[in-house]
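Trainee: Got a structure for you, questions after.
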Amino acid sequence: MTRIRTADGAPAAVIAGQRVELLDRARVYACGITPYDVTHLGHAAAFVWVDTLGRALRFLGVEPEVCRNVTDVDDVLDAAARRAGAAYGSFAAIQQFQFDRDMAALNVRAPEHEPRAHQYVGQVILLASGLLDLGAAYARDGSVYFRGSDAAGRAGLDRAEALRLSGEYAGRPDDPAKDDPLDVAVWQVSEPGHPAWESPWGLGRPGWHAECVAMAMSLFGPAVDIHAGGADLRFPHHAYHAAMAEAFTGVRPYARAWLHVGTVTIAGAKMAKSAGNLVLLEELLAGHPAAAVRLMILDRPWAQSWDYRPALLDTAAARLEGLYSAAGRTAASDPAGVAELRRVLAAELDVPAALDLAIEIGGAPARTLAGILGLT
Ligand SMILES: [Zn+2]
């Protein structure tokens, strides 16, 4: 592969304060969807940021290898398919099709890898066996539990908060079979009627965190450069993913940097079907250009949570117009402008600063940025 070296030396990106030195490629693992419902703005925001991270890495001279999994074995998916009276496999396939259509409409590139959890059941069984051998897990009543008592501290949470979040995210802290309520199932015994596979512990199915560990490890080996996902996945999902992977491989840290994309709220409340406040991507795209929706998501620090209001789309449309007209100008300082753009994006993927710069300078930097942000 021919690479262009900049005068600054090897590429490096700073993500969440962590400097990540890179050479030719970057392994980016993004927690994907559980295909049980329509895509809303909150999902879309995380995937637009992952897409933009990939484009920015390529601009820095690094080939991104993005893995975005599909969690197609999951209790919430199972429950949704039952409510719809459908087999979970075909139900997931239809939801997946709609998700792919929404992502294409938003100009989100297809990831290099898109593993599906149901294809990695064998690897989860191997992971569970390995964790048992290492004493990091125990088998009980057909399930295998990972010892997770230190996961709370790892995520900077006190035990009470960790238990609350564990309950909220289907961690079953009240499962009486566990030694500690913060232990999590690597392998979960399946009740009759639920998806189930043969295992050394009987009929069961993989635990959510273990699925991602198996997929990430199968595709990338023991560690990744950047692990991305919505901020609400920080705990329990990402904390247990990292803890299981590190316990299994002994390689630390599992992820060199974490891109936790800020949550989108409506009037201060988290978007949820149960709250009836979902902003569906399909509806946004029916009334607004995809580029304006993308720019509304991207023109802010990626880690910051934000409140959606329709007026933000007008602000984004005006900003987009500014960028497009700047792109049409010829600027004298194009190479210097592009180098400055590189510096700004390498530091925390600072899109607002990059936009200010591109709109001010115009010409090549503005055209380059429009491509990196997926606005062309
Ligand atoms: Zn995940």
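The values are calculated or read from the model by the stated rules, or taken from the named source; none is laboratory data. Just so it is clear, the model here is predicted, and its values are computed rather than measured. Here Cβ is always computed from backbone atoms with ideal geometry, including for glycine, and neighbour counts include all displayed protein chains. Accessible surface areas use protein heavy atoms only, side chains included; no ligands, DNA or RNA. Shrake-Rupley method; radii C 1.70, N 1.55, O 1.52, S 1.80 Å.
Trainee: Rg/Rh for region 169-315: what does it come to with C-alpha atoms and Rh from Kirkwood?
Mentor: 1.05
Trainee: To the nearest 10 degrees, how steeply does helix 239-249 sit against the main Cα axis of the chain, on a 0 to 90 scale?
Mentor: The helix 239-249 is inclined about 70 degrees to the chain.
Trainee: While we're looking at this one, here's another question. Protein chains only, probe 1.4 Å: how do Trp197, Trp187 rank by accessible area, largest first?
Mentor: Descending order: Trp197, Trp187.
Trainee: Could you tally the net charge around Ile226, taking each other residue with its Cβ under 10 Å from the Cβ of Ile226, Lys/Arg +1 and Asp/Glu -1?
Mentor: In short, +1.
Trainee: Please work out the Cα center distance from region 317-376 to region 110-149, rounded to the nearest Å.
Mentor: After rounding, the separation between the Cα centres reads 44 Å.
Trainee: Hey, another quick one. Relative to the longest principal Cα axis of the chain, at what angle does helix 311-327 sit, 0 to 90 degrees, rounded to 10?
Mentor: Long axis of 311-327 versus the principal axis of the chain: about 50 degrees.
Trainee: Here's another thing I want to ask about it. Could you work out the relative contact order of the chain? I mean the mean sequence separation of Cα pairs under 8 Å and 6+ apart, divided by the number of residues, in percent.
Mentor: Relative CO of the chain lands at 19 percent.
Trainee: While we're here: At q = 0.18, 0.27, 0.30 Å⁻¹, what log₁₀ I(q)/I(0) does a Debye calculation on the Cα points of region 67-106 give, no solvent, two decimals?
Mentor: Taking Cα atoms of region 67-106 as identical point scatterers yields -0.52, -0.91, -1.01.
Trainee: Shape call for region 256-365 from the C-alpha gyration tensor, a ≥ b ≥ c root eigenvalues: rounded (a/c under 1.5), prolate (a/b greater than b/c) or oblate?
Mentor: Oblate, since a/c reaches 1.5 and b/c is not below a/b.
Trainee: From the square roots a ≥ b ≥ c of the eigenvalues of the alpha-carbon gyration tensor of region 203-270, which class results: rounded (a/c under 1.5), prolate (a/b over b/c), or oblate?
Mentor: Since a/c reaches 1.5 but b/c is at least a/b, the shape of region 203-270 is classed as oblate.
Trainee: Then there's this: How charged is the neighbourhood of Leu131? Take every other residue with its Cβ under 13 Å from the Cβ of Leu131, and add Lys/Arg as +1 and Asp/Glu as -1.
Mentor: With Lys, Arg at +1 and Asp, Glu at -1, the net is -2.
Trainee: Right, another one. Two decimals is fine: what's Rg over Rh for the chain, C-alpha atoms, Kirkwood radius as Rh?
Mentor: Taking Rh as the inverse mean 1/r over Cα pairs, Rg/Rh reads 0.99.
Trainee: How many angstrom lie between the Cα centre of region 34-85 and the Cα centre of region 198-241?
Mentor: Result: 14 Å between the Cα centres.
Trainee: Keeping every protein chain present and rolling a 1.4 Å probe, give me the accessible area per residue for the chain in Å².
Mentor: Spelled out: the 1.4 Å probe surface of the chain, per residue, equals 42 Å².
Trainee: Let me have the 222 nm mean residue ellipticity of the chain computed from DSSP H runs of 4+ only, each contributing -39500 (n - 2.57), with the sum over all residues rounded to the nearest 500.
Mentor: Taking each H run of at least 4 residues, the total per residue is -13500 deg cm²/dmol.
Trainee: Cβ under 10 Å from Gly371's Cβ, Gly371 left aside: what net charge do those residues give with Lys, Arg +1 and Asp, Glu -1?
Mentor: +3
Trainee: Cα gyration tensor of region 35-126, axes a ≥ b ≥ c as square roots of the eigenvalues: rounded (a/c below 1.5), prolate (a/b > b/c) or oblate?
Mentor: Oblate, because a/c is 1.5 or more while a/b does not exceed b/c.
Trainee: Something else now. Going by average Cβ density within 10 Å per residue, which order do the peptides 23-30, 292-299 take, highest to lowest?
Mentor: Per-residue mean Cβ counts within 10 Å order the peptides as 292-299, 23-30.
Trainee: Percent of accessible area on the chain owned by carbon and sulfur, 1.4 Å probe?
Mentor: 55 percent
Trainee: Can you tell me the orientation of helix 334-346 relative to the chain, as the angle in degrees between its alpha-carbon axis and the longest Cα principal axis, to the nearest 10?
Mentor: Approximately 20 degrees, to the nearest 10.
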